[in-house]
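The values are calculated or read from the model by the stated rules, or taken from the named source; none is laboratory data. These numbers were taken from a predicted model, which means no experiment stands behind them. With ideal geometry, Cβ positions are generated from the backbone for all residues, glycine too; neighbour counts draw on all protein chains shown. Just so you know, the surface numbers come from the protein's heavy atoms only, side chains and all, with ligands and any DNA or RNA stripped out. Shrake-Rupley method; radii C 1.70, N 1.55, O 1.52, S 1.80 Å.
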Amino acid sequence: MKKVITLALIGLLFWSCQPDPYKELGEAYSVVSGVNGTWELAAVEIEDRSFPQWETLDVTEFFTENPVSINFKSADNTYAISATSLDGLPFTSMNGQYTFDDEEYPTSMFFIDANSDTTEVSLGGLTRSIDPNLVFESLKSKCETEYARYIYTFNRN
């Protein structure tokens, strides 16, 4: 009888240790509409790649005197930049259209001004509507050699 009770308890123990069934995750966040809203420039770093050991320089202080914000409207894929100057920024126009290289898994964003001039910036990661940061990266190269990477970090307003 003891063996039956022991086996029953062991069986009950194994049965009770089963994991709970997975819950539904819900709707996936869109990374394309995740940029919607206003973003303020919070940090700018330059990564010097001209030497074997890369160095990073924080130049955010330059932009504190010239605050920069970008307003994205995902409904019509337009953007508007609020700044006194575009010096040091990877943009050529204060407003225009934007698009992504891939709607599902974007790695680059294209800014298109009224003259159809296009500027490409790499994304430092996917930005969903719940993410607080948006990172743009701009690589500088000469003679097919990258010498610097500019990293622009924007915070959601």
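Taking residues in the range 72-86 that are under 10 Å from residue 96 (Cβ atoms), and partners anywhere that are of a type in the set (Asp, Glu) and part of a loop (DSSP other than H, G, I, E, B), not one pair has Cβ atoms closer than 8 Å while being at least 6 places apart or on different chains. When 156, 149 are screened for being touching a residue at least 40 places away in the same chain (Cβ under 8 Å), surrounded by 16 or more Cβ atoms within 10 Å (Cβ to Cβ), over 18 Å from residue 74 (Cβ atoms) and not hydroxyl-bearing (Ser, Thr, Tyr), only 149 passes. Residues in the range 10-18 include at least one that is open to solvent by 100 Å² or more (accessible area, probe 1.4 Å), without any contact (Cβ under 8 Å) to a residue 12 or more places away in the chain and not in a helix (DSSP H, G or I). Considering the range 19-37, and only residues there that are of a type in the set (Val, Ile, Thr) and in a loop (DSSP other than H, G, I, E, B), the residue that is nearest to residue 129 (Cα to Cα) turns out to be 31. Take the residues in the range 118-139 that are at pLDDT below 90 and open to solvent by 70 Å² or more (accessible area, probe 1.4 Å), then tell me which one is farthest from residue 38 (Cα to Cα). So, considering only residues that are at pLDDT below 90 and open to solvent by 70 Å² or more (accessible area, probe 1.4 Å), the one farthest from residue 38 (Cα to Cα) is 139. Going by the conditions given, is residue 40 of a type in the set (D, E, K, R), open to solvent by less than 40 Å² (accessible area, probe 1.4 Å), in contact (Cβ under 8 Å) with a residue 40 or more places away in the chain and in a strand (DSSP E or B)? Taking the combined requirement at face value, the residue does not satisfy it.
The single condition from (1) under 29 Å from residue 147 (Cα atoms); (2) part of a loop (DSSP other than H, G, I, E, B) that residue 130 fails is (1).
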